[in-house]
Amino acid sequence: MMPASIFLSHNHADKPFVRRLAADLQNQGIPYWLDEAEIKVGESLIEKIRAGIDKVEFVAVVLSPNSVASPWVQREVDVAMNQEISGRRVKVLPLMYSACELPGFLLGKRYADFTDDSRYPSALEDLVRSVGVVFNRNAFSPPASATNLGQALDMAWTKALPMLTRPFHRPFQYVGMTVQHAARATGGVPNEVGNIIIDSDECHMCLEAEGNFINYVDVELKRTAPHRQDQDFDSEMVLGALSINPSELELIRKTTHYHHYYDHRKRLKISVSCLYDGAPLSVGFSSKYYGI
């Protein structure tokens, strides 16, 4: 049985906190809906947000002076509250990020207190348990000196690399899928050998099949071209654009044109590289070569 999913309602000014929270929910195995990962250029914000709320069981409202004053957040919460009042399965969960007065429609509701970093672990556990999931302490560790996901995303933005949306969002998820499942998940069509190739203005992605399963995924970030093999690059920035948290990885080897990581939780080898002069930077994912 899949765990309940959470819509993260927030103001853009609170984005670094929300990105950290989204990464921690992901590590706890809880699906989340985050606008920058779900809404593509040209799509209707109102329609996509309403559709997003319709698909989830919980709407977590990140409360701060910014969000309380935001018409967008008020609109999202109004939709969710109306569904909760009418008996639909959606439940609104207040998360106090920065001290502010509770809006009238949330008065009387208990909130998770994230107002101080020292409270973050217990507030996260409170949130996880409130959606019916057992809190996994082994999957949570407070941010260390390593670059976290929020910092990596900010680094990507400074280099004009936006957070990539589906099907390029967290592409490691396709490793181990059947070819048919991966085709449905990406919207791609397998070729005669089962490989699936997806092209957009931002990325070129190849899902390589071995038998009936995807065993390797490679994503080229077109905005990083042209690059040279003797030119240093920041792999954390590239990982951030794909919504991958560098602090969860172990850097095994680093050369000028190739950075090699292990993700021990997912048992993946992740490589960020420039394959030839003039190429874009690319990220490869494989479980087959983990530990090699």
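The values are calculated or read from the model by the stated rules, or taken from the named source; none is laboratory data. It should be emphasised that the depicted structure is a prediction, and the values quoted were computed from it without experimental measurement. Note that we place each Cβ from the backbone using ideal geometry, even for glycine, and neighbour counts take in every protein chain shown.
Structural remarks
- Sole residue being free of Cβ contacts under 8 Å to residues at least 12 places away in the same chain, within 22 Å of R166 (Cβ to Cβ) and either buried (at least 19 other Cβ atoms within 10 Å of the Cβ) or of a type in the set (A, V, I, L, M) (or both), chosen from I252, I197: I197
- Condition met for E101 (farther than 21 Å from E125 by Cβ, modelled with pLDDT of 70 or more, surrounded by fewer than 22 Cβ atoms within 10 Å (Cβ to Cβ) and of a type in the set (D, E)): yes
- Selection over segment 38-67 of residues that are part of a helix (DSSP H, G or I), surrounded by fewer than 19 Cβ atoms within 10 Å (Cβ to Cβ) and at pLDDT below 60 gives a count of 5.
- Residue count, segment 262-280 (criterion: under 19 Å from the mean Cα position of the chain (by Cα) and farther than 19 Å from Y174 by Cβ): 1
- Residue tally, condition in a strand (DSSP E or B), out of contact with any Gly (no Cβ under 8 Å at 6 or more places or on another chain) and not acidic (D, E), over segment 242-271: 9
- Segment 88-98: number of residues that are closer than 22 Å to Q28 by Cα and modelled with pLDDT under 85: 4
- Given (1) touching a residue at least 24 places away in the same chain (Cβ under 8 Å); (2) not in a helix (DSSP H, G or I), number of the condition G188 does not satisfy: (1)
- Segment 121-142, residues that are at pLDDT 85 or above, hydroxyl-bearing (S, T, Y) and loosely packed, with under 14 Cβ neighbours inside 10 Å: S122
- Matching residues, segment 154-173, being surrounded by 17 or more Cβ atoms within 10 Å (Cβ to Cβ), within 23 Å of C206 (Cα to Cα) and in contact (Cβ under 8 Å) with a residue 60 or more places away in the chain: A156, L161, M163, L164, T165, F168, H169, P171, F172
- Among the conditions (1) without any contact (Cβ under 8 Å) to a residue 12 or more places away in the chain; (2) touching a strand residue (DSSP E or B) at 6+ places or on another chain (Cβ under 6 Å), Y289 misses just one, which is (1).
- Residue match in segment 112-120 (condition: over 18 Å from L63 (Cβ atoms), modelled with pLDDT of 85 or more and assigned by TED's automatic domain parsing to the domain that holds V73): no
- Filtered residues of segment 250-271 (kept if within 22 Å of M177 (Cα to Cα) and hydrophobic (A, V, I, L, M, F, W, C)): L268, I270
- Condition met for A123 (of a type outside the set (K, R) and within 19 Å of the chain's Cα centre (by Cα)): no
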